[in-house]
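**Q** Just passing along the structure, written as structure tokens.
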Amino acid sequence: MSTREVLHVPLGDRAYDIVVGSGLLGCAGELIGPVLNRPRVVVVTDRTVAGLYLETLQAAFDTAGISHDTIVLPPGEQTKDFQHFEELLDRLLDMGLERSDMVIALGGGVIGDLTGFAASVLHRGIDFIQIPTTLLAQVDSSVGGKTGIDTRHGKNLIGAFHQPRLVLADTDILATLPRRELLAGYAEVVKYGLLGDHALFEWLEVHGSAVVAGDPDAIRRAVLTSCAAKARVVAADEKEAGERALLNLGHTFGHALEVASGFGADLLHGEAVAIGMVMAFGLSVRLGHCSRQDAGRIRQHFKAVGLPAHPRDLGLAEQDAGVLVEHMAQDKKVQDGRVTFVLARAIGDAFLTRDVEPAAVRDYLSQMLSQPSDAA
Ligand code: NAD
Ligand code: GLY
């Protein structure tokens, strides 16, 4: 059986729907049909997701009379590179894809970002649809049109804004996601609460354990609330001229942690963001913006659901503070040499500032890294 709720992202001629629900994959043909120019699609996915869900999707297209080809890429962040980007474009062109055809990204953020970027440049821009299969992709990366690849200079440094024509977030698909990946995506759900929705954070304090345990109703509510929050921000600031940067809460610190850990399997993006949000609130306390109680609640919550909550959990120590500050200075959001921080006045009240001295950050990090993991 299929249940669904529809959110709209109002972006003029780039507007689209996000359909959230259960059993969506099995009726994807019917859902996608109305946005196709002709009944032909190419599905891009990764090997793991293909093994689990491709057959269902293909059967749904057969039922709806939509012809389909498939490109299966290796799973993992390494696929989001120039080599696979070129290979993907070549294969799409080999298949004779026309400007009015549709590409479908079936996978997590890696497949979504890579496929969206390929769609943005193929024939100077063709349409694509996101069918996100990780919690991170359902609550964050599939919505908003940021696409791109990684290079040796860093993550996501090459890309384009290219909005999808439709997002289908089938929450049943999350049942096969490894728990660690689910938790990493959960950090992005918490982010929406911390940056602008105190009531969401309170709900997560009560129901977060059900979300990470895979409870279908709790997951659906978490995905819906997150997509609604992201859609609101994207509609107000599509190209990140201002408010959208609030979605980077925890990301400047998180990115520095990812660089320090070498972007390996030891630290998933969502785990880095979780610790990064603890650090952003810790710095906010130190600078007198936010209460100690709020920062403590966040650490408590991450510990309760099983997310890392302190850089010492990654084995970092006091002497690493300077290196982390240097990594932050390489962040792509640096402007005129100043890092844009997302800080907070309270849970649910984040703000942007470029008015933080690197020395203050270094002092805060040295102090934090010299303390045990249960202190901010
Ligand atoms: P991912 O795409 O690598 O997926 C994680 C792993 O889960 C992969 O091995 C994948 O094969 C597997 N998987 C996917 N769905 C599954 C399922 N339903 N069951 C079992 N296994 C499944 O990682 P991700 O966390 O989804 O995305 C990370 C990427 O997203 C990063 O490259 C990051 O830069 C990007 N991102 C983009 C945005 C954006 O706005 N565009 C936002 C946040 C993150
Ligand atoms: N993930 C942050 C953004 O989409 O802006």
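The values are calculated or read from the model by the stated rules, or taken from the named source; none is laboratory data. Everything numeric here is computed off the predicted structure, so don't read it as measured data. A quick note on method: Cβ atoms are made from the backbone with ideal geometry, for glycine too, and the neighbour counts reach across all protein chains shown. Each accessible area value is taken on the protein alone, full model and side chains, heavy atoms only, with ligands, DNA and RNA left out. Shrake-Rupley method; radii C 1.70, N 1.55, O 1.52, S 1.80 Å.
**Q** What shape does the stretch 274-366 have by the C-alpha gyration tensor, where a ≥ b ≥ c are the square roots of the eigenvalues, rounded means a/c under 1.5, and otherwise prolate means a/b greater than b/c and oblate the rest?
**A** Oblate shape, in that a/c is at least 1.5 and b/c is the bigger or equal ratio.
**Q** Could you give the accessible area per residue of the chain, probe 1.4 Å, as a whole number in Å²?
**A** It amounts to 40 Å² per residue over the chain.
**Q** I would also like to ask the following. Working from the alpha-carbon coordinates of the stretch 33-137, get Rg over Rh, Rh being the Kirkwood radius.
**A** Result for the stretch 33-137 is an Rg/Rh of 0.93.
**Q** Roughly how tilted is helix 179-196, in degrees to the nearest 10 and between 0 and 90, from the longest Cα axis of the chain?
**A** For helix 179-196, the angle is close to 70 degrees.
**Q** Taking the Cα centre of the chain as origin, work out the dipole magnitude from +1 charges on Lys and Arg Cβ and -1 charges on Asp and Glu Cβ, in debye rounded to 20.
**A** 540 debye
**Q** Further question on the same structure: When the dipole is taken about the Cα centre of the stretch 38-103, and only Lys, Arg (+1) and Asp, Glu (-1) are charged at their Cβ, what size is it in debye, to the nearest 20?
**A** So the dipole magnitude of the stretch 38-103 works out to roughly 220 debye.
**Q** Which shape class applies to the chain: rounded if a/c is under 1.5, otherwise prolate when a/b exceeds b/c and oblate if not, where a ≥ b ≥ c are the square roots of the Cα gyration tensor eigenvalues?
**A** The shape class here is prolate.
**Q** GNM on the chain, C-alpha springs below 10 Å: top fluctuator among 307, 204, 11?
**A** Taking springs between Cα atoms under 10 Å, the residue moving most is 11.
**Q** Here's something else I'd like to know. Less than 14 Å apart at the alpha-carbon level, and either on another chain or at least 8 residues along: which aspartates and glutamates does that give for residue 303?
**A** 205, 271, 313, 374
**Q** Okay, helix-only estimate at 222 nm for the chain: each DSSP H run of n ≥ 4 adds -39500 (n - 2.57), divide by all residues, round to 500 deg cm²/dmol; what do you get?
**A** -13500 deg cm²/dmol
**Q** With the crude spin-label approximation of a point 7 Å out along Cα→Cβ, what separation in nm comes out for residue 198 versus residue 11?
**A** The two pseudo-label positions are separated by 3.2 nm.
**Q** Pairs 191/239; 80/191; 191/230: which are spaced more than 18 Å apart, C-alpha to C-alpha?
**A** 191/239; 80/191
**Q** Another one. Once both axes come from the Cα atoms, what is the angle between helix 292-305 and the longest principal axis of the chain, in degrees from 0 to 90, rounded to 10?
**A** With both axes taken from Cα atoms, the answer is about 50 degrees.
**Q** Compute log10 of I(q)/I(0) for the stretch 254-318 with the Debye formula, placing one identical point scatterer on every Cα and leaving out solvent, at q = 0.14, 0.25 Å⁻¹, to two decimals.
**A** Listed by q, the Debye log ratios stand at -0.39, -1.07.
**Q** Shifting gears a bit: Taking the Cα atoms only, what angle lies between the long axis of helix 269-286 and the longest principal axis of the chain, rounded to 10 degrees?
**A** Relative to the chain, helix 269-286 is tipped by roughly 30 degrees.
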